[in-house]
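Notes follow once the structure below has been shown.
The values are calculated or read from the model by the stated rules, or taken from the named source; none is laboratory data. Quick caveat, the model's predicted, so the values are computed rather than measured. As a convention, Cβ positions derive from the backbone with ideal geometry for all residues, glycine included, and neighbour counts pool all protein chains shown. Protein only, heavy atoms only, side chains kept; ligands, DNA and RNA dropped before computing areas. Shrake-Rupley method; radii C 1.70, N 1.55, O 1.52, S 1.80 Å.
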Amino acid sequence: MTPSDREATGLLTRPDDLVQLLDQSGIRHANPEFDRWIADVDTDALIALHRDMAVVRRLDAEATALQRQGELALWPPLAGQEAAQIGSARALHDDDFVFSSYREHAIAWLRGVQPHELLSVWRGAAPSGWNPFDKGMAIPQIIIGAQALHAVGWAMGAKWEGSDAASIAYFGDGATSEGDVNEAFVFAASFGAPTVFFCQNNGWAISEPVGLQSNQPLARRADGFGMPGIRVDGNDVLAVLAVTRWALDRARRGEGPSLIEAVTYRMGPHTTADDPKRYRTDDDLATWRERDPIARVHALLEASGADMEAVDADVKTAADRAAAELRAGITAIPDPEPMSVFDHVYAEPNSHLERQKERYAWYLAMFGDEDGGAR
């Protein structure tokens, strides 16, 4: 950590502070350390951030409904984490690269992933949803924490090539107990990789509360790896934007990795296969519902004199359109041919794969479709 980092964040003297610029009532609080990172956020930009969060909340609700209707096999909701995802994603440059877990639908949406691309994996129609190099975002990682290593490897390569691009790795609080994440911390700190580790601490690792992962703020884990760690109100889109811009800037200047702990809450289930009522109370939800990330921005816009009738109408139009596109995207996803499972296993054909294909074709023929077109 450089002296400028100590001065800019107070991380060594106030390691447990939570950076907050917009409180749950929608009141904007001045912050001499981080206000400069959002100096360009005027009323129009704030309206855009509000729209982004409202649209992705609608997309998430629509996908959840599609799963309940049998159109998707599974869906991991993001409800409650809109500010953490939108704020951090809006800080990225086009040439930065995202390595995410399976819940970062808002980030995928901002990176240009289309509805049918977002849903195809969860429908079981494709092994991956998009070409990572087209979007600057790797396909979602299901193995907990593995993407942190991928982010560091990409960042080390970018640094060696002389690029000023950075990578960002998204993971949850539970992933901080995984070896892959800690190994990624070691490599990033040792080689000065331009990586931002973005932990969305949503309170739960499925049914396990964050208190079982750590008895102190997760951001303090950065201390042991020699990189700065900072906690931010993950329901405050302005604070998240400011802190992520700060971390990306120091990465671009060659000052190495940072760890951001965005303190937020998962309002829905871990996935649609989960029943959160078994391990948390309605009181917990009520407390966090009062900290809603969208409501506080709405209150700030209202207090600033924005035309809220026009803002709300614009949001409704955008959300309705996005939801309609998502539903239409379901019908645009074709059922894959069974034999296509072998298409992208290896770059070149080989005898081992050919034997597997022959055996699978024989198996499919048992169902009366010798050309492998059985469903």
Revision key, fill the gap. Of the residues in segment 216-233, those that are without any contact (Cβ under 8 Å) to a residue 60 or more places away in the chain and within 18 Å of the chain's Cα centre (by Cα) come to 218
Review point. Looking at (1) surrounded by fewer than 24 Cβ atoms within 10 Å (Cβ to Cβ); (2) part of a helix (DSSP H, G or I), which is the only condition residue 107 fails?
Key: (1)
Check your understanding: Out of all the residues in segment 303-317, is one or more of a type in the set (A, V, I, L, M), in contact with a Gly (Cβ under 7 Å, 6 or more places away or on another chain) and open to solvent by 50 Å² or more (accessible area, probe 1.4 Å)?
Key -> yes
**Study point:** Selection count, segment 37-63, where residues are surrounded by fewer than 15 Cβ atoms within 10 Å (Cβ to Cβ) and either of a type in the set (Val, Ile, Thr) or more than 24 Å from residue 110 (Cα to Cα) (or both)
**Key:** 1
Practice item. Looking for whichever is basic (Lys, Arg), in contact (Cβ under 8 Å) with a residue 24 or more places away in the chain and either crowded, with 24+ Cβ neighbours inside 10 Å or farther than 24 Å from residue 75 by Cβ (or both) here; the options are 280, 250, 291. Which one fits? Key: 250
Exercise for review: Within segment 64-77, identify whether any single residue is of a type in the set (Gly, Ala, Ser) and open to solvent by less than 10 Å² (accessible area, probe 1.4 Å), and answer yes or no.
Suggested key: no
Revision key, fill the gap. Flagged in segment 188-200 as open to solvent by 10 Å² or more (accessible area, probe 1.4 Å) and under 21 Å from residue 231 (Cβ atoms), in numbering order, are 189
Revision key, fill the gap. Within segment 253-277, residues open to solvent by 30 Å² or more (accessible area, probe 1.4 Å), under 20 Å from the mean Cα position of the chain (by Cα) and charged (D, E, K, R) come out as 274
Practice item. Check whether at least one residue in segment 162-176 is open to solvent by 10 Å² or more (accessible area, probe 1.4 Å), closer than 19 Å to residue 224 by Cβ, among the acidic types (Asp, Glu) and at pLDDT 95 or above, and report yes or no. Key: no
Revision key, fill the gap. Over segment 328-352, the set of residues under 19 Å from residue 130 (Cβ atoms) and in a helix (DSSP H, G or I) is 328, 329, 330, 331, 340, 341
Exercise for review: Considering each of 209, 228 in turn, give the residue that is open to solvent by less than 10 Å² (accessible area, probe 1.4 Å) and not small (Gly, Ala, Ser).
Suggested key: 228
